[in-house]
Protein chains: 2
Amino acid sequence: MMPVSALMTDLYELTMAQGYFRFGLDRPAVFDMFFRRQPFGGGFSIFAGLAPLLEALRGLHFSAEDLAYLESQKIFERDFLDYLAGFRFKGDVWAMPEGTPVFPQEPLVRVHASLVEAQLVEGLLLCMLNFQSLVATKAARVYEASHGGTILEFGLRRAQGVDGALSASRAAYLGGASATSNTLAGRTYGIPVAGTMAHSWVMAFTDETEAFEKYAELYPDKTILLIDTFNTLKSGLAHAIPVGRRLAAMGKSFGVRLDSGDIQYLSMQVRQALDAAGLTDAKIAVSNELDEHIVRELVAAGCPIDIWGVGTHLVTGGSDSSFTGVYKLVQKQVGGKDVPTMKVSDNPEKSTNPGVKQVWRFFDECGSPLADLVGLHDETVGTARSWTFHHPSVDSRSFSLEARGEVRPLLSQVMRAGELSAAEPALADLRGQTLKNLSALDLTYKRLLNPHLFKVSISSRLRELKLSLMNRP
Amino acid sequence: MMPVSALMTDLYELTMAQGYFRFGLDRPAVFDMFFRRQPFGGGFSIFAGLAPLLEALRGLHFSAEDLAYLESQKIFERDFLDYLAGFRFKGDVWAMPEGTPVFPQEPLVRVHASLVEAQLVEGLLLCMLNFQSLVATKAARVYEASHGGTILEFGLRRAQGVDGALSASRAAYLGGASATSNTLAGRTYGIPVAGTMAHSWVMAFTDETEAFEKYAELYPDKTILLIDTFNTLKSGLAHAIPVGRRLAAMGKSFGVRLDSGDIQYLSMQVRQALDAAGLTDAKIAVSNELDEHIVRELVAAGCPIDIWGVGTHLVTGGSDSSFTGVYKLVQKQVGGKDVPTMKVSDNPEKSTNPGVKQVWRFFDECGSPLADLVGLHDETVGTARSWTFHHPSVDSRSFSLEARGEVRPLLSQVMRAGELSAAEPALADLRGQTLKNLSALDLTYKRLLNPHLFKVSISSRLRELKLSLMNRP
């Protein structure tokens, strides 16, 4: 990944930072990153973007050009500019592993740093985590809808900017896609790359037959013919079958791609014709503005589809183009003492949870998540006894849960004093872990529409702290 | 802008390119970039992203690392890899000026290059132009809805990746935003930067009064106080007014920001209280998931709002997160002769317009656009006489238009043999031109919902060519 300038921050972070610096407030602080609402009307999200974020944090600094630019704005004083010249992120970061199914109101990341450092990285942190979590979640939804099918991400041309495309490819793969069409993403992140052919290939030759034959000649091991340039059944399929037969005779695999028309009707017709021609191994790939809902419909209709090409909706989120992650101060230092802090809002669900926290996930005997408990980080939460889960909005609702299976703390330290605490996991391993996590998650949470609400509660101690801060004059 | 690797392309472009190279098809070709559907259900789009694209095209090459990666894929042969090692984009590019209101089915960009070169840049070209046009269009809609108000773009934390944020800031400014919060975008593109304060500033001090006083002390010329951390009217506003009075006594300007609650109710209450306190010059800034529809509602309700902070929806498009630009082969060379080509689809509106084309915009006597005529580039279209406008789907509909005002060809050459044909206009000038273009566009095309359809027709000669290709056996 290309290094990111520390200037990748909102101006108000810099003006506030100068204030903290000037007024002696640049003291240890703790911020939580959490989100408020599941995207896509879904029941879970997949946390992603951590490794690229940590990489960016490690290299973060202001270049001479950045500093000259800030000086030219005429609102920053010499001593603060000198401070920025030596700025490095030296904080601690705790985070959930990428690929974790996550739920609103629980901290996904916790940053311990000086107030200035913590504030300056807010925009970058949210930008990277929000976007990759959005795309990983969309990918997981498409993957689930396809019943674990082969998903080829090819969203480059509709992605939101160059890095929007690259990080989308990473997150889509992490969330369940099998490969990307973006060659640079392949090189950068080690994602498998794949692709078929475009209409322009077919149009560049004298006719469809020549275009297909030449392709098969050049790529006998990777031939997937796009058959809808003129007429899918009468022209494309008719011209593809002889090519497929020759490849089959050589013991090669072969496939066709549908990119327009009614996919349900055409995929069934094409399958029938391929089978009738003895090409029972031939694969059918489909594309054309697919999303999880269309995929689910086609799967439910029994369409014989082997490969799903998904672009626009996967890399941008489609109709839900942002993940609602926010970053809030939960502890500050006053007079050398750590003081938990919270934002009290007229909307109870917009009030934040104060203090340094941990999230414990309770699993059943089979390893399926039951509920999450957000508590203070120094609480001891184990399997020993029954636990009280309080409603996060601090009303009177609560329930008890006896820990029958594993109780796993989800936040672990990933950065210490600005350096990685552990080696970064390989992206393919993160993808494997995501699919394992997805498979353990009860089906009711994975429904596309109106899913079961996974409970995120607060512990008795956190509830007491929250109440004491809310009732403070 | 950071240089972009030529590997920023879909794998199939590279595999097809190797085929063209191998089969002697790497001959001069022409591709059109056009789009199919207005985003946001609107009546116009604003074309954007050209200057960054041209800059990327000029620097495009494969690094040694890129080539090693391609070699490792084991599908590329030595002679093609050697060709890629020397690859540079040496084509000609014709394009509309950034900031032009554009409509479906007309070419926005025309690329003349060898088939391989033209194909390899497809993904990058579409990625950059699609995304910036999406955001510039959204910005123009918000600008129109605000009746030319002051729009502060602050979408960094919800943008789609690092470059997604940067190019969104550029496009938002070009489309009508007044400033960005993204400091790096400010430095990179020379966009004015602006910002207020976050809740964390208020929470970092002992109380709201101290937080406000300290801010005003540090930034007496730029004080906009965020007044909703605890309670907007009872706490925030009450604490802000004394600070505002002191600033006013010093002859300084001052403002407040609302970031939650009912903006209509609160902005009116706040205005009343500020006026009653003699702070009639105080500005009211608002934010919180704004888009053009909310802005229009608040303007229609007569809310006294001076500054609109717009983030998520502006930089991602919100519910419409992609611009439907495509890139299609319109001419190839066969036996040394240029041959117009087209994709014929079962959906007439998905059939493409063949050949090398120009777009003429007909204006009325007052400079307001009337209709666009797409014709062949060597047609002479002027003000001399009445012109026939044929429906683009080649049915029998047509109408005549007498050229009463200017008839302007919209595509001009911006790149010759891989080098810029003219100096790039300054971004602030492009913004000025956009606003001028917007103001000339009839109100009926600018309605947010169900707008008047701006007509894009084809000339008689283009119609004949299209018919001759469609009826070819």
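The values are calculated or read from the model by the stated rules, or taken from the named source; none is laboratory data. Here the structure is a predicted model, which means the values were calculated and not measured. All Cβ positions, even for glycine, are placed from backbone atoms using ideal geometry, and neighbour counts span all protein chains on display. Heads up: the accessible areas ignore ligands, DNA and RNA and are worked out on the full protein's heavy atoms, side chains in. Shrake-Rupley method; radii C 1.70, N 1.55, O 1.52, S 1.80 Å.
Chain A packed on chain B takes about 8200 Å² of accessible surface away from a 1.4 Å probe, both sides summed. Residue B:61 label point (Cα plus 7 Å toward Cβ) to equivalent points in the other copies: 2.7 nm, shortest first. Within the same chain, lysines fewer than 8 places from residue B:436 are excluded, and of the rest, those with a Cα less than 29 Å from its Cα are B:138, B:283, B:357, B:446, B:455.
When Lys and Arg each count +1 and Asp and Glu each count -1, what net charge do the other residues less than 13 Å away from residue B:309, Cβ to Cβ, add up to? Local net charge: -3.
As an exercise, use a Förster radius of 56 Å and the Cβ-Cβ distance of residue A:73 and residue B:470 to find the FRET efficiency, rounded to the nearest 0.05.
Numbers: r = 59 Å, r/R0 = 1.05.
The pair residue A:73/residue B:470 has a calculated efficiency of 0.45.
At a cut-off of 30 Å², which residues of the stretch A:1-35 become less accessible once all protein chains are present than in their chain alone, using a 1.4 Å probe? Residues losing area: A:2, A:7, A:8, A:10, A:11, A:12, A:15, A:16, A:20, A:22, A:23, A:25. Taking 22 Å as the cut-off for C-alpha to C-alpha distance, list the pairs among B:90/B:343; A:214/B:74; A:74/A:332 that go past it. Those over the limit are B:90/B:343; A:74/A:332.
Based solely on its DSSP helices, what 222 nm [θ] is calculated for chain A when runs of n ≥ 4 H residues each add -39,500 (n - 2.57) and the sum is averaged over all residues, nearest 500 deg cm²/dmol? Display every interim value, and only then the final one.
Values: 17 runs with 176 residues, N = 473.
Computed mean residue ellipticity for chain A: -11000 deg cm²/dmol.
Note that the stretch A:396-407 has calculated 3J(HN,Hα) couplings of 8, 6, 7, 8, 10, 9, 8, 6, 9, x, 5, 10 Hz, one per residue in order, obtained from phi through the Karplus relation 6.51 cos²θ - 1.76 cosθ + 1.60 (θ = phi - 60°); glycine and proline are x.
Shown is the FRET efficiency for residue B:379 and residue B:447, computed with R0 = 30 Å from the Cβ-Cβ distance and rounded to the nearest 0.05: 0.40. With Rh defined as the Kirkwood radius, the inverse of the mean 1/r over Cα pairs, the Rg/Rh of chain B is 1.05.
Assuming 0.36 nm per residue, please report the length gained on full extension of the stretch residue A:23 to residue A:399 beyond their Cα-Cα distance.
On the way: separation 376, 0.36 × 376 = 135.36 nm, distance 4.53 nm.
Taking 0.36 nm per residue and subtracting the Cα distance, the gain is 130.8 nm.
Of the accessible area of the protein assembly as shown, computed with a 1.4 Å probe over protein heavy atoms only, carbon and sulfur atoms account for 52 percent.
What separates the residue B:344 label point from its copies, with the point 7 Å along Cα to Cβ, is 7.4 nm, written shortest first.
When each pair of different Cα atoms in the stretch B:418-473 is counted once in the 1/r mean, what is the Kirkwood radius in angstroms, to one decimal? The partial results should precede the final answer.
Numbers: mean 1/r = 0.0640 Å⁻¹.
Value: 15.6 Å, from the Cα pair sum.
Can you give me the accessible area per residue for the protein assembly as shown, using a 1.4 Å probe, in Å²? Show your work: numbers first, answer last.
Values: 34000 Å² over 946 residues.
Computed with neighbouring chains in place, this is 36 Å² per residue.
One decimal place: the segment residue B:36-residue B:386 gains 123.2 nm when fully extended, by the rule 0.36 nm per residue minus the C-alpha distance.
Just the number, please: percent antiparallel of the DSSP beta bridges in the stretch B:225-352, rounded to the nearest 5. Can you show the working numbers first?
On the way: 4 of 12 bridges.
Expressed as a percentage, antiparallel bridges in the stretch B:225-352 total about 35.
About the Cα centre of the protein assembly as shown, how large is the charge dipole given +1 on each Lys and Arg Cβ and -1 on each Asp and Glu Cβ? Please answer in debye to the nearest 20.
Values: 94 positive and 104 negative charges, 139 e Å.
Roughly 660 debye for the protein assembly as shown.
Sorted from closest to farthest, the other copies place their residue B:395 label points 5.5 nm away, with each point set 7 Å from Cα along Cα→Cβ. Annotation: amide H of residue A:100 within the under-5 Å range of A:47, sequence separation 5 or more or interchain, hydrogens built in the peptide plane.
In terms of its alpha-carbon gyration tensor, the stretch B:402-442 comes out oblate; a/c meets the 1.5 threshold, while b/c is at least as large as a/b.
Between the listed residues A:386, A:31, A:154, the Cα displaced farthest toward the positive end of the dipole of chain A, a dipole computed from Cβ unit charges relative to the Cα centre, is found at A:386. What number comes out for the charge environment of residue A:86, summing +1 per Lys or Arg and -1 per Asp or Glu over other residues with Cβ under 14 Å away? It works out to a net charge of -2.
With a Förster radius of 35 Å applied to the C-beta separation of residue B:366 and residue A:231, the computed FRET efficiency comes to 0.15. Put simply, the Cα atoms of the protein assembly as shown extend 84, 72, 46 Å along their principal axes, the longest span coming first.
I'd like to verify something in chain A: which complete DSSP H helices, judged by Cα projection on the helix axis, reach 27 Å or more and average at least 0.5 on the Kyte-Doolittle scale? Kindly include the intermediate steps, with their values, before the conclusion.
Values: long enough: A:122-145 (34 Å, 0.68).
Membrane-span-like by this criterion, though nothing is claimed about a membrane: A:122-145.
DSSP beta bridges fully contained in the protein assembly as shown are about 70 percent antiparallel. The DSSP beta bridges internal to chain B are antiparallel in roughly 70% of cases. Along the axis of the charge dipole computed for the protein assembly as shown (Cβ charges of +1 for Lys and Arg, -1 for Asp and Glu, origin at the Cα centre), the listed residues B:421, B:440, B:188 are led at the positive end by B:440.
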